[in-house]
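K.L.:
Quick one: structure below, then a few questions.
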Amino acid sequence: MAPVKISYVVSFSSQDPKYPAENLMSEDGIQPWLGCPKDHSRQLSVELQLERASLIGFVDVGNYGSAFLQIEVGRSSWPCDQPYLTLVPTVTLMTPADSKLDQNRCGVRMFKEGKD
């Protein structure tokens, strides 16, 4: 099945003006989404709307300095009080040593059913 495109960014917790959340919609995938340098919460979140309802068989995530990742999914037709479902539980993208040494910041992780 062909990849499903992101229609738009519904919301985000923080963004660097030079690297906004809209970069996640980039066709070439070269520009990252980064948090605002003044935001010291150390946690970012983004809510994306896909172009259509889709069965998700795999997700490829490009990383640029994130230590952890969790992916949750839902439907826009769900009631507001219905929680999202966890598609990818919290996974480590960088080891503490990599983070301290500022190495292995960039990479791609591929997640598919039954594996990470």
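K.L.:
Applying 1/(1 + (r/R0)^6) with R0 = 25 Å to the Cβ-Cβ distance of residue 25 and residue 97, what FRET efficiency is obtained, to the nearest 0.05?
P.N.:
Calculated transfer efficiency: 0.15.
K.L.:
Rounded, prolate or oblate, given the Cα gyration tensor of the range 1-54, with a/c below 1.5 counting as rounded?
P.N.:
In terms of gyration-tensor shape, prolate.
K.L.:
Still on this structure, I have one more. Relative contact order of the range 1-54: what whole-number percent is it, with Cα pairs under 8 angstrom and at least 6 residues apart?
P.N.:
48
K.L.:
Near residue 25, within a Cβ-to-Cβ distance under 14 Å, what is the net charge of the other residues, with Lys and Arg +1 and Asp and Glu -1?
P.N.:
Net local charge, residue 25 excluded: -4.
K.L.:
List the chymotrypsin sites (Phe, Trp or Tyr not before Pro) in the range 27-95 that DSSP assigns to loop (not H, G, I, E or B) and whose Cβ has at most 15 other Cβ atoms within 10 Å. Which are they?
P.N.:
84
K.L.:
Then there's this: May I ask you to list the GluC sites (Glu not before Pro) in the range 1-72 that are in a DSSP loop and have at most 14 other Cβ atoms within 10 Å of their Cβ?
P.N.:
When the GluC sites (Glu not before Pro) of the range 1-72 are filtered for loop state and at most 14 Cβ neighbours within 10 Å, 27, 51 remain.
K.L.:
Roughly how many nanometres apart are two label points built 7 Å out from the Cα toward the Cβ at residue 7 and residue 73?
P.N.:
The two pseudo-label positions are separated by 1.6 nm.
K.L.:
Would you mind calculating the relative contact order of the chain from Cα pairs under 8 angstrom and at least 6 residues apart, reporting the percent as a whole number?
P.N.:
24
K.L.:
Sticking with this one: Once you put a point 7 Å from the Cα of residue 55 and another 7 Å from the Cα of residue 84, both along the Cβ direction, what distance in nm separates them?
P.N.:
Calculated label separation equals 2.3 nm.
Bear in mind that the values in this text are calculations on the coordinates, not laboratory data. Everything numeric in this text was worked out from a predicted model, so none of it was measured. Glycine also receives a Cβ, built like all others from the backbone with ideal geometry; neighbour counts cover every protein chain displayed.
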